[in-house]
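For reference, the structure discussed in these notes is given below.
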Amino acid sequence: MRLRYRFGSLCLILGLAGLSAACSTGGEGTPPDRCAGTAPDRPSYAMHVQPIFNANCALSGCHLPPNPQRGLDLSSYNGLMQGSINGPVVIPGNAQDSRLVKRIEGRETPRMPFNRDPLCQFQIDTIRRWIDQGALNN
């Protein structure tokens, strides 16, 4: 009886130790860092920029038709380039002075996305590069 108890206890201790080690090593079960990534050298609107907007901005109650906030529709290239009720948000070739970049970097308030996690640095860099390279519909 004692041997069975000791064997069971040993199995339990080894099992917990193994589970603890697996959880602390960042193995395959660890979710990926959402901000791990780098901006492409030549971002494409369709492949790189629009997916960022779709995941973070073109959402119900935000910048999605039929009633996008401040009139800024981020569900399409044409909507983005049309701008908001305050005018253009993208100045092709000039990311630094584009209102969109000022908002996502927090240099102009309110920071966007509003009441959500900020964009990751590689996402901001992707949008900046795309604008600096002419903000093409590519």
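Where a number appears in this text, it was derived from the coordinates with a stated rule and is not lab data. Since the structure is predicted, the reported quantities are computational estimates derived from the model, not experimental observations. Don't worry about glycine lacking a Cβ; one is built from the backbone with ideal geometry, like all the others, and counts go over all protein chains shown.
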Subject >> Neighbour-count order for Thr126, Thr38, fewest beta carbons within 10 angstrom listed first >> reply: Thr38, Thr126
Original post:
Counting Lys and Arg as +1 and Asp and Glu as -1, what is the net charge of the other residues whose Cβ lies under 12 Å from the Cβ of Arg129?
Top reply: -1
Original post:
Using a Förster distance of 41 Å, how high is the FRET efficiency between Gln133 and Gln69, based on the Cβ-Cβ distance and rounded to 0.05?
Top reply: 0.90
Original post:
What residues qualify as long-range amide H neighbours of Ser84, i.e. H under 5 Å apart, gap of 5 or more or another chain, H built at 1.01 Å from N?
Top reply: Val89
Original post:
Dipole magnitude of the stretch 46-138 about its Cα centre, charges +1 at Lys/Arg Cβ and -1 at Asp/Glu Cβ only, in debye to the nearest 20?
Top reply: 140
Original post:
What does the charge add up to near Asn94, with Lys and Arg as +1, Asp and Glu as -1, over the other residues with Cβ less than 12 Å from its Cβ?
Top reply: +1
